[in-house]
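Everything on this sheet refers to the single structure shown next.
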Amino acid sequence: VPIVANSMGGYWAMAFALAFPARVTKLVLVGEPAGSAPVPSLMHRLMGPPLVGPLLYATISKPSPRATRESLRRMLVANPGRVPREWIDCAYAAAALPGATQSWLTMLRTVTRVLGPADLTFALRPELPRLATPTLFLWGTADHILSEAYGRAYCAAIAGARFETIERAGHYPH
């Protein structure tokens, strides 16, 4: 099957294509695949520890419609005014589901360390040269998660991969 994936989905798509190359015909990675940097962001490192993460989620990072809009504005889209209200409502509803916060914190605890390299996509970097699936990276020029240079480096590690930018688009270019 062809796989189109964004952000965390990009990590899982690459891992799946590496593990089961005969099952993936094409790979399109939209935005930075989660964990592409050698070291996680400061916020992700702060959210990972078992005491600090829950405290932050109970206070400044507590899911709310306002926090969802702020996250979009700060990190995820280039023009938050163009995001439909229904999308924001849906994203907030997902974040407010029972267990959603615990799931996110558990994932952060698993894939980040307070100090040291990321355990996520960056760990896949040595495996990328054996990725034989035709791969396209689509990167918004306003993706604030990670610079375009990281995307180009990942692309260069995969034989035949292509890298395209989407002007004035963020981490969620769609």
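The values are calculated or read from the model by the stated rules, or taken from the named source; none is laboratory data. Because the structure is predicted, anything quoted here is derived from the model rather than measured. Because the Cβ atoms are built from the backbone with ideal geometry, glycine has one as well, and the counts that use them run over all protein chains shown. Side chains are part of the model used for accessible areas, which takes the heavy atoms of the whole protein and leaves out ligands, DNA and RNA. Shrake-Rupley method; radii C 1.70, N 1.55, O 1.52, S 1.80 Å.
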Report yes if some residue within segment 103-122 is at pLDDT 90 or above, open to solvent by 40 Å² or more (accessible area, probe 1.4 Å) and of a type in the set (Gly, Ala, Ser); otherwise report no.
no
Can you find even one residue in segment 4-15 that is open to solvent by 70 Å² or more (accessible area, probe 1.4 Å), within 24 Å of Pro134 (Cα to Cα) and either assigned to a helix (DSSP H, G or I) or among the small types (Gly, Ala, Ser) (or both)?
yes
Taking segment 9-45 only, how many residues are in contact with a helix residue (DSSP H, G or I) (Cβ under 8 Å, 6 or more places away or on another chain) and without any contact (Cβ under 8 Å) to a residue 60 or more places away in the chain?
2
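For every residue, the table says whether it meets (1) of a type in the set (A, V, I, L, M); (2) closer than 18 Å to Leu131 by Cα; (3) open to solvent by less than 60 Å² (accessible area, probe 1.4 Å); (4) modelled with pLDDT under 75.
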residue: Ala17; (1), (2), (3), (4): yes, yes, yes, no
residue: Phe20; (1), (2), (3), (4): no, yes, no, no
residue: Val28; (1), (2), (3), (4): yes, yes, yes, no
residue: Glu32; (1), (2), (3), (4): no, yes, yes, no
residue: Pro38; (1), (2), (3), (4): no, no, yes, yes
residue: Leu56; (1), (2), (3), (4): yes, no, yes, no
Among the residues of segment 119-174, the number that are in a helix (DSSP H, G or I) and of a type in the set (D, E, K, R) is 5
I want to confirm something. Restricting to segment 59-81 and keeping residues that are modelled with pLDDT under 80 and part of a helix (DSSP H, G or I), which single residue is farthest from the chain's Cα centre (by Cα)?
Arg74
How many of the residues making up segment 132-162 are within 16 Å of Ala5 (Cα to Cα) and either at pLDDT below 90 or surrounded by 14 or more Cβ atoms within 10 Å (Cβ to Cβ) (or both)?
14
Among (1) under 22 Å from His174 (Cα atoms); (2) touching a Phe, Trp or Tyr at 6+ places or on another chain (Cβ under 8 Å), the one test that Pro63 misses:
(1)
